[in-house]
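> Sharing a structure, written as structure tokens. Questions coming.
Since every read-out is calculated from the coordinates, none of them should be taken as a lab result. Because the structure is a prediction, the values reported are computed rather than measured. Note that each Cβ is placed from the backbone with ideal geometry, even for glycine, and that neighbours are counted across all protein chains shown.
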Amino acid sequence: NKKIIFPELFFTDKNLVGRDVCKISRNLSDLKGIFADVEAFEKMPQDKLAYEVSSFLPEKEGTPGGLYFGITYLYPGKVGNEYMMTKGHYHASIDRAEFYWGLEGEGMLILMDEQRNVWAERVFPGSLHYIPGGVAHRMANVGSSLFSFAACWPSDAGHNYAEIAEKGFSARLIEVNGIPHLI
Ligand code: F6R
Ligand code: ZN
């Protein structure tokens, strides 16, 4: 089970083992309001696990110059015809960038700039994605198995979920004839 292997697998420096590891999980109820098909959403078990994030946060939140590392495990599924996805956010310090890279499974990275232009990138094992400052980011699992990806972001980036919770992204990733479409 890869979820259990992290972080031990990655911490070759034994001094880092056990330092500031944070694990969060979000179930469907934490994602209320993000999917278009409210009726389909409400019929689903609200305690269903949607994704888990294991993070290594070696610096205090807000420290300039430091880095954070995390792996997200996003389970497959759909709400209506919309793929299971993360909440999505801008960084609170909006100019902070981030790297994402694909580990296993099939995903799509949905990106939106401050003018609300949306685009998407296909994510697969080994794919690398640079998210510039000012770009909101959300991942979707478009496959039928576990999708995982790694992330590296500045320790002074912070997260702004409110903007996305209120206004959403200006496009959605919908399955049409078995293929993801940004609509
Ligand atoms: C950190 C980052 C990722 C996400 C994670 C969960 O800046 O982008 O580690 O935090 O994929 O997604 P959210 O945070 O949108 O629930
Ligand atoms: Zn981020």
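> Step by step: first the residues of the stretch 142-155, then only those that are surrounded by fewer than 19 Cβ atoms within 10 Å (Cβ to Cβ) and in a loop (DSSP other than H, G, I, E, B), then the one that is farthest from ligand 2 (Cβ to nearest atom). Which residue is that?
Initial filter on the stretch 142-155 (surrounded by fewer than 19 Cβ atoms within 10 Å (Cβ to Cβ)): 143-146, 150, 152, 155.
Next cut, in a loop (DSSP other than H, G, I, E, B) only: 143-146, 155.
Details: G143: 22, S144: 26, S145: 24, L146: 20, S155: 12 Å.
Here the residue is S144.
> Could you say which residue among H129, H181, H137 is within 10 Å of ligand 1 (Cβ to nearest atom) and either within 16 Å of the chain's Cα centre (by Cα) or not in a loop (DSSP other than H, G, I, E, B) (or both)?
Details: H129 fails: within 10 Å of ligand 1 (Cβ to nearest atom); H181 fails: within 10 Å of ligand 1 (Cβ to nearest atom).
Exactly one residue qualifies, and that residue is H137.
> Continuing with the same structure: Are there any pairs, at least 6 apart or on different chains, whose C-beta atoms fall under 6 Å, with the first in the stretch 71-90 and in contact (Cβ under 8 Å) with a residue 40 or more places away in the chain and within 8 Å of ligand 1 (Cβ to nearest atom) and the second part of a strand (DSSP E or B) and of a type in the set (F, W, Y), and if so, which?
Short answer, once both residue conditions are applied: T72/Y51; T72/F149; L74/Y51; L74/F147.
> Kindly check whether there is at least one residue in the stretch 106-120 that is more than 16 Å from ligand 2 (Cβ to nearest atom), farther than 29 Å from E42 by Cα and under 14 Å from the mean Cα position of the chain (by Cα).
No, the stretch 106-120 has no match at all.
> Note down all Cβ pairs under 8 Å where the first residue falls in the stretch 162-183 and is more than 17 Å from A120 (Cβ to Cβ), the second is surrounded by 18 or more Cβ atoms within 10 Å (Cβ to Cβ), and they're at least six residues apart or on different chains.
Taking only residues 6 or more apart or on different chains, the pairs are E163/H89; E163/Y90; E163/A136; A165/I34.
> What are the residues in the stretch 96-122 that are surrounded by fewer than 18 Cβ atoms within 10 Å (Cβ to Cβ) and either at positive phi or not in a strand (DSSP E or B) (or both), if any?
Within the stretch 96-122, A97, D113, E114, Q115, R116, N117 qualify.
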